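**Student:** Below: one structure in structure tokens.
The values are calculated or read from the model by the stated rules, or taken from the named source; none is laboratory data. Treat the numbers as computed from the prediction; the structure is a model and nothing was measured. When we count neighbours, we look across all protein chains shown, and the Cβ atoms used for this are built from the backbone with ideal geometry, even at glycine. Protein only, heavy atoms only, side chains kept; ligands, DNA and RNA dropped before computing areas. Shrake-Rupley method; radii C 1.70, N 1.55, O 1.52, S 1.80 Å.
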Amino acid sequence: MEKFGKSQSMKRSEDIRFLTGHGRYIDDIAPEGALHAVLLRAPVAHATITALDVSAARDSDGVALVLTVDDLLAADMQINMPGAVVDNRDGSKGAQPERPLLARGKLRHVGEPVALIVAETLHQARDAAELIELEYDELPAHMGLHTGGEAIHAEAPDNRAFDWGMGDEAATNAAFETAARVVRLEVGDNRVIVNAMEGRGCFAEWDGTRMHVAFNGQGVWGIKGEMAQALGLAEENVRITNPDVGGGFGMKAASYNEYFVVAQAARLLGKPVRWISERTEGMLSDHAGRDLVTMAELAFDQNNRILGYRIHTACNLGAYNSGFGQPIQTLLFSKVLTGTYDIPAAYMRVEGFYTNTTQVDAYRGAGRPEAIYVLERVIDRAARELGLDPIELRKINFIKEFPYLTPTGETYDVGDFPRVLDHAIADADVAGFAARREKSEAEGKLRGLGLCFYIESILGDPSEDVKVEFTPEGGATIYVGTQSNGQGHETVIAKFLSDQTGIPFEKIAFVQGDSDLIPTGGGTGGSRSVTTQANVTLAAVSKMIAGFSAFFAEEAGVAPEQVSFDDERFRAEGSNLTPTLLDLAEMARAKGRDDLLTWKVRDKIAARSYPNGAHFAEVEIERDTGVAKVVKYTVVDDFGNLINPMLAEGQVHGGVAQGLGQALCENVVFDEDGQLLSASFMDYALPRADDMPFIRFDVEPVPSIGNPMGMKGCGEAGTVGALAAVSNAVQDALWPLGIRQVDMPFTPMRLWSLMGGAKLAAE
């Protein structure tokens, strides 16, 4: 064991196979001879289906099967996919329309699956799809975040899915009535497509009794129950697996139509069936993110202390309710509504609207990045209107005493926001910004400085599972309930087990994503994975050490209380034996003590933890072209204790890149008829290497008391901070021109037009 290697940076062991082409992604591991599936998708956003003739497709060369919703119903499948429902402010339930696996009666967004075609080759399946005759009467599309228009669902005749509220409305209104100053800002949060490196895909195989579905998702247990229900099978007859996954970002957390229909095809044919999404197909059918507009208001007293925070958000749910499987109200700003500020009263109202766009995942549609983005935008605006330094206004209103109960019921355990911010101020050389701005102006450029101080919370299931099994070869295998989507779990969790037990890292095998091998688990999402998995692993280690200590005491002929373990070896007074865990496992195997060779534990973290940090962005804008560049970026995070600081920094780099992509260039565009105009990388602008600045990263840890490791999570931190930091920097650059409203994405055309309009107004 590396005796002094705990919590030190180390390279990811899994990268060797990834970089040498030995990754096991879904399209790599489909069974040999598997048939190919293709989806016929809706060509229009809204229409009534009048005819669907698949006979020619069924007779086409190589075609084994064509499925429509009528075929699924004839097979007694449960065709209605689950969707989260929220209570309205008046106590009634929000709309809960049917979301069929394949279109039934109507088409509700471009790309909605209508029929599945299975053939011997991919080309034969594609050719057959062209032979399907789909007739429909087109209906007007509803694309706005407002009531009225052509109803998409009978259950929501005004197209409003819900009208939900949270907080103390009366106290918040009273705070605004007595305020010395109220600041308001409408904040737009543009829609983005996830564009994971690996598109969604699956394969299914049926042995006559059990269904095995492999898909590239963020966990296997949620879909296991849904698959059993859809197919009418007992859960023990369903096996779900996740192989290596090339990016998830929340988009792959939900179950999708294709997985269930491909499974039914495999059951009917008795042969494995595979499907993988093409890029444009994914842009049409994957859950998108953001797409909401918020009116945010802050009430201040005469000393610039915040009295109340009130927001009204309209968010786009797309054509159907999210199938993410959690109540929407747990995802809509609720965990970080008040951010890092001491706010006595807060209230939010959220209205969700159905539109004829692809389904929006509620988690990404109105979650923590959006919450912090809105709050940090409006507090930055308040600083400008109050004539204060934005840094100073934040410091005045920071929470300073912990634990702190927020108006939304969250209890922040620990934090030292002023210390984290001061560290970031020094790293970002805020004192030198004025000189850098002068230099930019001399070169004909505008320069702005933007700050975001974020906080988020670990969401999802606080419980997790683990199994540690000692192998005859002299090593151990750890089975986990989380699921890596590229974050480095294979290295991080195995290293954590190694640190706690002394088992050499290279002798630990890592297994994830198989519902047959571990009975339950929470998957990945919400920055939960490492904290929950490390917590349950620590609980397993504790039981393991106790069990082997008793065994060693028996073998050494000493009392159990005489045995100690130093994270590497067992020792006992009066004995010169110093066995390792692997030594004792070998002895236990030889003596038939199989009870000591496998350890299964499910454990729950005591409380949420709250990673937080400061992001400073500096942006230069060319006056003549409107081109904006992020030229300096600084992050100081409080992630609590870290297992692998290098991988944490990598997570932040990736998150910042994602946030900068949305801020600078990414944007989903539909026309008035619901056709996606940004359906390829020719039209949807992803950030490139030359869009990214050097990112300075540092930590200022305040260990959490909500879990024994003092961890806080870090998966989404980069994105949460980047959106507002860049937006506030752009606003700072344009403020001297009299421009008071800027919204992402800050494309050259948008900024050039804003500056041109400001120039005309000045003339």
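**Student:** Only one of these is open to solvent by 30 Å² or more (accessible area, probe 1.4 Å), not in a helix (DSSP H, G or I) and not small (Gly, Ala, Ser): 451, 388, 446. Name it.
**Tutor:** 388
**Student:** For residue 493, state whether it is touching a strand residue (DSSP E or B) at 6+ places or on another chain (Cβ under 7 Å), buried (at least 22 other Cβ atoms within 10 Å of the Cβ) and assigned to a loop (DSSP other than H, G, I, E, B).
**Tutor:** No, not satisfied.
**Student:** So residue 433 fits all but one of (1) surrounded by fewer than 20 Cβ atoms within 10 Å (Cβ to Cβ); (2) touching a Pro at 6+ places or on another chain (Cβ under 8 Å); (3) assigned to a helix (DSSP H, G or I); what number is the exception?
**Tutor:** Every condition holds for residue 433 apart from (2).
**Student:** Going by the conditions given, is residue 245 open to solvent by less than 20 Å² (accessible area, probe 1.4 Å) and touching a helix residue (DSSP H, G or I) at 6+ places or on another chain (Cβ under 6 Å)?
**Tutor:** So residue 245 fails the test.
**Student:** Please verify whether residue 433 is touching a Lys or Arg at 6+ places or on another chain (Cβ under 9 Å), closer than 30 Å to residue 397 by Cβ and of a type outside the set (Ser, Thr, Tyr), treating the condition exactly as stated.
**Tutor:** Yes; evaluated as a whole, the condition is true for this residue.
**Student:** Against the condition within 30 Å of residue 548 (Cα to Cα), open to solvent by less than 70 Å² (accessible area, probe 1.4 Å) and not aromatic (Phe, Trp, Tyr), how does residue 596 come out, does it pass?
**Tutor:** yes
**Student:** Oh, and also: Going through the range 665-686 one residue at a time, which ones are of a type in the set (Gly, Ala, Ser) and surrounded by 12 or more Cβ atoms within 10 Å (Cβ to Cβ)?
**Tutor:** Step one: list which residues in the range 665-686 are of a type in the set (Gly, Ala, Ser), which gives 674, 678-680, 685.
Within the range 665-686, 674, 678, 679, 685 meet the criteria.
**Student:** For residue 724, state whether it is part of a helix (DSSP H, G or I) and open to solvent by less than 40 Å² (accessible area, probe 1.4 Å). Outline the logic, then answer.
**Tutor:** Numbers: part of a helix (DSSP H, G or I): yes; open to solvent by less than 40 Å² (accessible area, probe 1.4 Å): yes.
Yes, satisfied.
**Student:** Another one. Consider residue 745 carefully, then state whether it is under 26 Å from the mean Cα position of the chain (by Cα) and open to solvent by 40 Å² or more (accessible area, probe 1.4 Å).
**Tutor:** Criteria not met by residue 745.
**Student:** Show the residue pairs that are 6+ apart or on different chains and have beta-carbon atoms under 9 Å apart, the first residue being within the range 278-294 and in contact (Cβ under 8 Å) with a residue 12 or more places away in the chain and open to solvent by 20 Å² or more (accessible area, probe 1.4 Å), the second being part of a strand (DSSP E or B) and among the basic types (Lys, Arg).
**Tutor:** Hits for this filter: 281/41; 284/41.
**Student:** Also, quick follow-up: What tally of residues in the range 578-598 results from selecting those that are farther than 20 Å from residue 497 by Cα and either of a type in the set (Val, Ile, Thr) or free of Cβ contacts under 8 Å to residues at least 24 places away in the same chain (or both)?
**Tutor:** Residues meeting the conditions: 4.
**Student:** Here's something else I'd like to know. Which members of the range 328-372 meet the condition of being of a type outside the set (Val, Ile, Thr), part of a loop (DSSP other than H, G, I, E, B) and modelled with pLDDT under 85? Please lay out each step first, then the result.
**Tutor:** Restricting attention to the range 328-372, the residues satisfying the condition of being of a type outside the set (Val, Ile, Thr) are 329, 331-335, 337, 339, 341-342, 344-349, 351-354, 356, 359, 361-371.
The next check asks that each one be part of a loop (DSSP other than H, G, I, E, B); those that pass are 331-335, 337, 339, 342, 344, 356, 359, 361, 366-367.
Once the filter is applied, which keeps residues that are of a type outside the set (Val, Ile, Thr), part of a loop (DSSP other than H, G, I, E, B) and modelled with pLDDT under 85, the range 328-372 yields 331, 332, 333, 334, 335, 337, 359, 361, 366, 367.
**Student:** Something else about it: Working carefully through the options 187, 194, 182, find the one that is touching an Asp or Glu at 6+ places or on another chain (Cβ under 8 Å), part of a strand (DSSP E or B), crowded, with 20+ Cβ neighbours inside 10 Å and of a type in the set (Val, Ile, Thr).
**Tutor:** Unique residue meeting the criteria: 187.
**Student:** Right, another one. Are any residues in the range 391-413 at pLDDT 95 or above, out of contact with any strand residue (DSSP E or B) (no Cβ under 8 Å at 6 or more places or on another chain) and open to solvent by less than 50 Å² (accessible area, probe 1.4 Å), and if so, which ones?
**Tutor:** Answer for the range 391-413, where residues must be at pLDDT 95 or above, out of contact with any strand residue (DSSP E or B) (no Cβ under 8 Å at 6 or more places or on another chain) and open to solvent by less than 50 Å² (accessible area, probe 1.4 Å): 393, 396.
**Student:** Related question: From the residues in the range 461-484 that are in a loop (DSSP other than H, G, I, E, B) and surrounded by fewer than 23 Cβ atoms within 10 Å (Cβ to Cβ), which one is nearest to the chain's Cα centre (by Cα)?
**Tutor:** For the range 461-484, the residue satisfying everything is 461.
**Student:** Restricting attention to the range 203-228, report how many residues are touching a helix residue (DSSP H, G or I) at 6+ places or on another chain (Cβ under 9 Å) and in a helix (DSSP H, G or I).
**Tutor:** 6
**Student:** If only one of 609, 564 is in a loop (DSSP other than H, G, I, E, B) and either on the phi < 0 side of the Ramachandran plot or touching a strand residue (DSSP E or B) at 6+ places or on another chain (Cβ under 8 Å) (or both), which one is it?
**Tutor:** 609 is the lone residue from the list that is in a loop (DSSP other than H, G, I, E, B) and either on the phi < 0 side of the Ramachandran plot or touching a strand residue (DSSP E or B) at 6+ places or on another chain (Cβ under 8 Å) (or both).
**Student:** What are the pairs, 6+ residues apart or on separate chains, where a residue within the range 70-84 that is modelled with pLDDT of 95 or more has its Cβ under 8 Å from a residue that is among the β-branched types (Val, Ile, Thr)?
**Tutor:** Within 8 Å, the pairs are 72/79; 72/261; 73/79; 79/69.
**Student:** Could I ask something else about it? Which ones in the range 687-703 are within 22 Å of the chain's Cα centre (by Cα) and either open to solvent by 60 Å² or more (accessible area, probe 1.4 Å) or not aliphatic (A, V, I, L, M) (or both)?
**Tutor:** 687, 688, 697
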